[in-house]
Amino acid sequence: MAPKDPNQGEGDRASARRYDDHARRFVHDGKVEPAANEARAYVEREAEDAAKAEAEARRGPAGRRTSVDELVAKGRTVFERLRARFGRK
């Protein structure tokens with residue numbers, strides 16, 4: 001019998017624990033203040049680039065869009081791509 005997947009559905013406990021440990025270590029090692037100062041200096045030095053990065057982060061992750069030309073180059077039609085994505089035959 002295969003071992004049970006340690007992922008707990010939408011809440012992966014192992015990853016959450018690992019993230020918490022890393023965050024605690026980052027704070028404990030005194031790295032917060034230097035990181036904040038570095039971020040402040042970057043925003044002051046590269047204000048336009050920082051504003052673009054912030055706007056992009058606010059939009060959140062976006063799915064990869066594939067153009068028709070890319071599909072044709074791969075030898076797949078739009079309909080084949082949709083069938084593959086939505087599982088229709």
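Every number in this text was worked out from the coordinates using simple rules, so none of it is lab data. Computed from a predicted model, the values in this text were never measured in an experiment. Cβ atoms come from the backbone with ideal geometry, glycine included; neighbour counts cover every protein chain shown.
Grab the beta carbon distance between Glu38 and Thr77, set R0 = 35 Å, and tell me the FRET efficiency rounded to 0.05. Efficiency at R0 = 35 Å is approximately 0.10.
Once the convex hull of all Cα atoms in region 14-59 is built, its volume per residue stands at 73 Å³. The GluC sites (Glu not before Pro) of region 28-89 meeting both criteria, a DSSP state outside H, G, I, E and B (loop) and at most 14 other C-beta atoms within 10 angstrom of the site's C-beta, are Glu46.
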